[in-house]
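Readers should treat all values here as calculations from the given coordinates under stated rules, not as data from a laboratory. Just so it is clear, the structure is predicted and the values come from calculations on it, not from any experiment. Glycine gets a Cβ as well: all are built from the backbone with ideal geometry, and neighbour counts include every protein chain shown.
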Amino acid sequence: SQGLHQWYSAMGAMLGELATVLNHPDVLPVKSQLDALSALKETISEFEFDARYRYITECPPCSGFEFQSFLNALTHLSGEHIPFESGGGKLVPSPGWLKWYLPQQFTATTMTLFLHTVWCIETLGKGDMIVSDAILESQATFLCNFGQTEGPVDKAGTPEEVMAYCKKKLHEGVTWDGGMRKFVSLLYRGTVLYGFFIRNFGRVAESLKAFKWARKFIDFADAEWRVTAEKSYDEKGSCFRKSFQITVLSMELSTARTIRCDRLPTLEVAEYEFNLAQEIINIARNEKVPDDNVYQSWMVDVAFRRKPLAHACKYLAGTMNEMMVNPKLLLDVINKIGMAEVGRDDNLYSFLDETATQTSGGNLNSLIAETYKHAAMNQLDDDTETTILWWGYAAHMARAGAYKIGDLRFAINSAYDASQKRDAELFGPEPWKGSTFQMQAMILARHFSDKRDDFVLPPLEFSRRPDGSLALFAEGQVLSMNFDRFMRSESKRAKKMNKHSYLDNSELENEHGAGTDYGFPPR
């Protein structure tokens, strides 16, 4: 709720601009009040002006933090953990007079990007300016709504080409305070912002292209100007901060996974997605709350560490579980990206519990179990996914063996505890009831219910019987003769709940031609 309150507050910084675009009767009173307030700007204090502005736009301040612009605010808050809550024809939450104006919100966003572009042109000169495809498209989108076909910028380029342009301008004497800082911010934040909005309008593949472009550009820029190494954020901009970038990386990972749907990744796709997830994990591990941060420490911890960390670990655990149907492919990915290189402090193994195997040839179920565990521990207690993550930890613990039954009982109790904290009225039925994860964990726990907590569990094994049914074994004892019926039951329930329909974007990919056999657009 605190994150949504931040989002609500951030909306206030763009409503004045939006009010000039809209002419609906609901908006005119707000516009007239803002016009009257603007006339008083020179005669009242800045504090009083801001207070009145917030009151008119129905957006109260949050923890005393003032956002400089809507572009700054939205990209600061963007990420897997906040803005994907949309529905009912609106992005939520919004002030009452704005909430039914999703198309106009989009127009206001493109207008904001256009105004930033015009400012950069006036400062740097039009000449041979190069921007990203997303910035160029946002300009065209805004202007075509007003009957114009030509904009001030007419050339887009790769991250390398845009970097060459930036270096050229710096060589010509443009300073960071003299325009370069704002131009770099436009390139990164503007590209991300437009990518986020076109995703909400169904253009998922194009959205992923924008996120990839922004990531590559900011990586090139950071390597060239050593912003992170020298911590020169005040001079060159906050878009270089890892705490800022982690939300964008989370959006990119989520978008890539959405495009792939339920298909098993190829080696190339898995390498790309796994590296992205590990980058999020490494940033989250090293994230420190700044001493001068105006947010409360727990807000920073949730927004820039816990939620992205849970998101990345959830992705890795779920994808590795899917890839267990082809263990060789999973091991190839682990070896190729160095996830299991002993001695590296940035690999996945170094982050997980010591229970997880330390070599790529060890028990993969143990690795998956510990990844699920860290996802569950970092997810919010009342999140709708938390229970599922605990059941994932319990099931793979049962498959791995070598765990103590006390660990399994802890995971099961944690799953039930999380289910009690989840708001069923808000999120609907509990999708994990009777799931294969839950049944595997419970079957093994019940079989050894008379054992003390320090009893070491044997691995739960699967075996296909001559009649085709799937049996579960532990220490040679049959625990379930026909586990298939549980799996069929779960499949029917998933189909009834239509859980995966929102991931089917094949119609959009066919229409826009952005999909490939590999599951993501070509670079």
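In plain terms, the residue of Thr386, Thr123 with the fewest other Cβ atoms within 10 Å comes first and the most crowded comes last, giving Thr123, Thr386. The ranking of Met323, Met481 by Cβ neighbour count inside 10 Å, starting from the fewest, reads Met481, Met323.
Which entries in Lys216/Lys307; Lys126/Lys216; Lys209/Lys373; Lys242/Lys336; Lys169/Lys288; Lys126/Lys236 show an alpha-carbon gap greater than 28 Å? Beyond 28 Å: Lys209/Lys373; Lys169/Lys288. Suppose each label sits 7 Å from its Cα in the direction of the beta carbon; what would the Ser449-Lys126 distance come out to in nanometres? Going by the 7 Å Cα→Cβ label model, 7.9 nm.
Distance distribution note for region 105-249: the fraction of Cα pairs above 19 angstrom is 50%. Per-residue Cβ neighbour counts within 10 Å put Tyr315, Tyr165, Tyr393, Tyr416 in the sequence Tyr416, Tyr165, Tyr315, Tyr393, beginning with the fewest.
Round to the nearest 0.05 the FRET efficiency obtained for Glu475 and Asn326 when R0 = 35 Å and r is the Cβ-Cβ distance. The formula returns an efficiency of 0.80 here.
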